[in-house]
1. How about region A:67-172: which helices (runs of 4 or more DSSP H) wholly inside it have at least 3 residues that are under 30 Å from residue A:242 (Cβ atoms), assigned by TED's automatic domain parsing to the domain that holds residue A:259 and more than 16 Å from ligand 3 (Cβ to nearest atom)?
2. Assess whether residue B:205 counts as being within 11 Å of chain A (Cβ to nearest Cβ), within 20 Å of residue B:141 (Cβ to Cβ) and of a type in the set (Gly, Ala, Ser).
3. Please enumerate the residues belonging to region B:67-98 that are of a type outside the set (D, E, K, R), surrounded by fewer than 22 Cβ atoms within 10 Å (Cβ to Cβ) and more than 19 Å from residue A:174 (Cβ to Cβ).
4. Does residue A:132 satisfy the condition of being within 16 Å of ligand 1 (Cβ to nearest atom), buried (at least 24 other Cβ atoms within 10 Å of the Cβ), away from chain B (no Cβ under 12 Å) and β-branched (Val, Ile, Thr)?
5. For residue A:349, are the conditions met, namely being within 13 Å of chain B (Cβ to nearest Cβ) and within 16 Å of ligand 2 (Cβ to nearest atom)?
6. Quick one: how many residues across region A:230-251 are open to solvent by less than 10 Å² (accessible area, probe 1.4 Å) and facing chain B (nearest Cβ under 8 Å)?
7. Within region A:174-184, restricting attention to residues that are within 12 Å of chain B (Cβ to nearest Cβ) and touching a Leu at 6+ places or on another chain (Cβ under 9 Å), which residue is nearest to ligand 3 (Cβ to nearest atom)?
Amino acid sequence: MSESNGTSKVTETRVLLRHAEDPKMATLAGYESYGGYQVLKKALKEIDPEWIVNELEESGLRGRGGAGFSMGKKVSFLPRTEEAKYLCCNADESEPGAFKDRELMQRNPHQLIEGIIISSFAAGIEHAFIFIRGEYDDQADILDRAVEEAYGAGYLGKNILGSGFDLELVVHRGAGAYICGEETALLDALEGKRGNPRLKPPFPAVQGLYGGPTLINNVETLSNVSHIVANGADWFKSFGTEQSPGTKVVSVSGCVKRPGNYEVELGVSLRDLIYGLAGGPLDGREITAFYPGGSSSPVLTPAEMDLPYSFEAMAEAGSMLGSGSIIVADDSVSIPHMALRTAKFYRHESCGKCTPCREGTNWTEKMLQRVVRGEATPMDLDIISSVQDNIMGHCLCVLGDAMAMPVSSMVTKFRDEFEEVIASEAAKAWNTALDGPDSPGRDENANGDEPGPGGTSPEEIRRERLAGRAIPSGGAS
Amino acid sequence: MSPVMPSDFDPRNAEPEDFVSPGLPVDEANTTGRFPDADPEQIPDPAVVEVPADLREQIQAIVDKYPDRDHKGSPKSAAIPVLWIIQRRYGWCTPEGIVQAACVMQVTPAYLESVASFYDLLRTSPQGEHQVLVCTNIACWMRGGDELLDSFCEKTGADREAAGHGGALSEDGNILVSGFECLGACDLAPMASVDERYFGPLENADAGTIVDQLEAGEEVLPGKALEKRGLAGGVAESTDPRVTEGQGPNQ
Ligand SMILES: Cc1cc2nc3c(=O)[nH]c(=O)nc-3n(C[C@H](O)[C@H](O)[C@H](O)COP(=O)(O)O)c2cc1C
Ligand code: SF4
Ligand code: FES
């Protein structure tokens, strides 16, 4: 495949996704034929759980679910007591733009299960759960089958491989609520309640599921565990950057030629990811903005394309790596409409427990609707920004911030475009009022009409492009 | 009944009607005059409620998977998976199904209803034989998710406005069409989940094909199913010695 924009050929560094194209990998026999469950056997026989905890901490593995907290530290926070402790694998993956856990579970479920068993062994946990979003029915079936296979092989259940270590693992399907990805809401959902976040502290490591100490980690985080235990912390640190060691499965989507999951060393450039691996923008298009870490990350612009993709570089640029999901927008995408989509999502998913989030997401959506209808004034943009400031840091969980951060970044970085949309939509509304409802400017779907008096808005360009795309090949008139 | 609670009011001796304030609108989904969930009298009596034997077994098997009260757990943990069983069996979370589940789990039906009403995928009203969820979130929207939802509505006669706000049934009541938030498959954008399986990237014309195939009982667009897709980066042989000479899984 040749790259038209002069980027050199970029290759993935597949550790977690290695051999993942082989359908056998999803079965126990296949996974074992590639060396699966060897480390578990070794760990149960001859490795001290304390050594595992240390090695995980030493490796610098950071949580892949959003916050990027050290996985080893989290394990070390669990009390070393005999009381009932729990592990919850967060497979809720509901943040717009994220789809890496889906691929990991679908193609290599046993890698996750082995990671869960070793982590539980290290922390003295006897009950583990995989909380998977209800929409991932196919993947939940795959996990169910894999868990059954692991029980059958004696890797789960009582007295695993004769070591005296017991572990029960349950695949728990959610039922459609983004907020259940927040770790304390996930605990409520697992306890069979409506998923509402809890006040922290106490943190789950102290008081989590059923009030017991609980380790909560993302699918990708746990999938890394057996690799680290097998190869050691130094091996892991040889990938990535000092503060972001390891590889990362990055979900790239939106306006690129080859959307998908790509596993790379942390610290590769965004350009290599977006242009090299994902193929760059569609022909004739230009990238205008992108979310570097899922829909809750502040957007970056092409000026930041040469930054390394790492936790620290994204934070320095005023954004975040989050779950590692890049959504790319090109010049056919209207940024104000994108802000509206973003706000709408968080308004829909707010659990309503705290006022700044419940009211703030609602107001922001309504105000952005006024923007795209041309009913707002430029001063309203300042009000939108100040509403975002008032949400940030004032909520129980970070869902409120997750809307406030990207929306406020869009209003700040693309203010001109917001003002243009207000002006052009307002002009259209005026024309409609003057010429009557049949004015060509009014009908968004009108084909072949002169562009509205306000000029062609980016939203119209997008629709035109789509209209072109939707015509089956050869059928274009 | 007086609108003011008498000072000797004891909820345990009260009648369900006592909880309904006269003249005030009542949210049927949450307060059908039942008691709060801890009240033992309201848990359906196994001697009265008939539960099909296989359903009872299925529910009990799920409850048994979770830590019990002696291990600080609770049968309530099984709430969502059990409601899934009810929905799969009866097509939606029917009041009868909820009472049967509550009876086996020994919780109140109101408790299960409140859980069901919280989650988007659990339905407390009839939902048709087939479900089509069309993603209209950011990445799908950029690539035509709204227009795809339009096409599904045009083909089935489902109300577009309602489809964008929680779902609408096709004219014949067989297919539920619903706009949805990100389904975790933005690489397939624009995409849809058809009877819980993912398909994409879809053309607007695919909406018609999918609906025809559902109605004819045929397999839906086999060429566009997620499970048939390879990795985006294709087959890639690793040459990095750190990878090829490593230990553990995937070697
Ligand atoms: C609103 C919200 C949604 C979240 N959704 C997810 C999710 O879908 N998957 C996930 O792994 N973490 C999610 N998180 C982060 C979790 O709260 C938690 O930090 C994470 O599961 C910890 O695992 P890690 O340390 O391995 O990343 C979410 C957080 C918030 C506030
Ligand atoms: S910030 Fe929003 S989602 Fe989080 S607890 Fe508060 S209301 Fe609920
Ligand atoms: S935006 Fe449609 S699946 Fe993610």
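1. Qualifying helices (runs of 4 or more DSSP H): none found.
2. yes
3. Matches in region B:67-98: B:71, B:90, B:91, B:94, B:95.
4. No.
5. yes
6. Residues that pass the stated criteria total 2.
7. A:178
To keep it simple, each residue is scored yes or no on (1) over 22 Å from the mean Cα position of the chain (by Cα); (2) under 30 Å from residue A:25 (Cβ atoms); (3) among the aliphatic types (A, V, I, L, M).
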position	(1), (2), (3)
B:173	no, no, no
B:184	no, yes, no
B:191	no, yes, yes
B:194	no, yes, yes
B:240	yes, yes, no
B:249	yes, yes, no
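The values are calculated or read from the model by the stated rules, or taken from the named source; none is laboratory data. If you're wondering where the values come from, they're calculated on a predicted model, not measured in any experiment. Counting neighbours? That spans all protein chains shown, and the Cβs are built from the backbone with ideal geometry, glycine included. To get the accessible areas, we keep the full protein, side chains included, count just its heavy atoms, and leave off ligands, DNA and RNA. Shrake-Rupley method; radii C 1.70, N 1.55, O 1.52, S 1.80 Å.
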